[in-house]
1. Please go through the range 62-98 and give me each residue that is surrounded by fewer than 13 Cβ atoms within 10 Å (Cβ to Cβ), assigned to a loop (DSSP other than H, G, I, E, B) and either aliphatic (A, V, I, L, M) or modelled with pLDDT of 85 or more (or both), ordered by number.
2. Consider the range 34-57. How many of its residues are within 17 Å of the chain's Cα centre (by Cα) and either assigned to a strand (DSSP E or B) or at pLDDT below 90 (or both)?
3. Do we have any residue at all in the range 156-166 that's of a type in the set (S, T, N, Q), part of a loop (DSSP other than H, G, I, E, B) and without any contact (Cβ under 8 Å) to a residue 60 or more places away in the chain?
4. From the list L179, L175, L152, L184, which residue is in contact with a helix residue (DSSP H, G or I) (Cβ under 9 Å, 6 or more places away or on another chain) and touching a residue at least 60 places away in the same chain (Cβ under 8 Å)?
5. Of the numbered conditions (1) in contact with a helix residue (DSSP H, G or I) (Cβ under 8 Å, 6 or more places away or on another chain); (2) within 23 Å of T41 (Cα to Cα), G162 satisfies every one except a single condition; which is it?
6. Quick one: how many residues across the range 104-123 are surrounded by 11 or more Cβ atoms within 10 Å (Cβ to Cβ) and under 19 Å from G183 (Cα atoms)?
7. For the condition of a type in the set (K, R) and under 21 Å from T103 (Cα atoms), what is the one hit in K129, K135?
8. How about the range 124-155: which of its residues are assigned to a loop (DSSP other than H, G, I, E, B), charged (D, E, K, R) and surrounded by 15 or more Cβ atoms within 10 Å (Cβ to Cβ)?
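The values are calculated or read from the model by the stated rules, or taken from the named source; none is laboratory data. Computed from a predicted structure; not experimentally measured. Please note: Cβ atoms are built from the backbone with ideal geometry, for glycine as well, and neighbour counts cover all protein chains shown. When the accessible area is computed, the model is the full protein with side chains, heavy atoms only, and any ligands, DNA or RNA have been set aside. Shrake-Rupley method; radii C 1.70, N 1.55, O 1.52, S 1.80 Å.
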Amino acid sequence: MKMKHYLFLSVLFITALSGCSKSDDTVKPESRSELLTRKWTFSGLSVKTDVKSYVIPGNEGDTFFGEDNTVTFNADNTYSVLENGKTTEGGTWKLSADDKTLTLTDTDKIAIAMSVNTLTKTDIELATKSVDITKSNPTMEELNVGLAASILLYSLDIDFGGTVDFSKEPDYKTLQIILKGKGL
């Protein structure tokens, strides 16, 4: 009787082990578009030059996306922001074929292309193109990035109430804006 009992337990154990093999069901990883399609809040902002990076402290009223620095990328390739307490259309977005460039076109039809440095369910890092400010005949996008980055840097200058003495900093030739955000 004991032998039948052990034999039964052995067969049951082997059956259980063979039933625990790897599953044939594969989990499809989310595409970059699916990862992007959610609400993001951007709290990290820096300006990178060809010689140094400068972290821009968050000041009330300084935002990149709407009044609360939050943007929602929708599945229909539109994005929205918060303005005057209401969600409003921000424009459209498009990922490049290689998923490395995000182009945002606002409602005024002004487009800006940003490199997607990091994109997970919880973290995002976007970067504008690096703009050569010594270049003659810059494009409108280069002018916009250069102007925005320059204003951000001037906000850090000690002469304008900031903490950096740019008269003692190395001269730079390129500017790039880096945005870091978290998924909500």
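1. Result: A75, D76, A97, D98.
2. 12
3. There is at least one residue in the range 156-166 that is of a type in the set (S, T, N, Q), part of a loop (DSSP other than H, G, I, E, B) and without any contact (Cβ under 8 Å) to a residue 60 or more places away in the chain.
4. On inspection, the qualifying residue turns out to be L175.
5. It is condition (2) that G162 fails.
6. Of the residues in that region, 9 qualify.
7. None of the others qualify; the one that does is K129.
8. Scanning the range 124-155 gives a single hit, K129.
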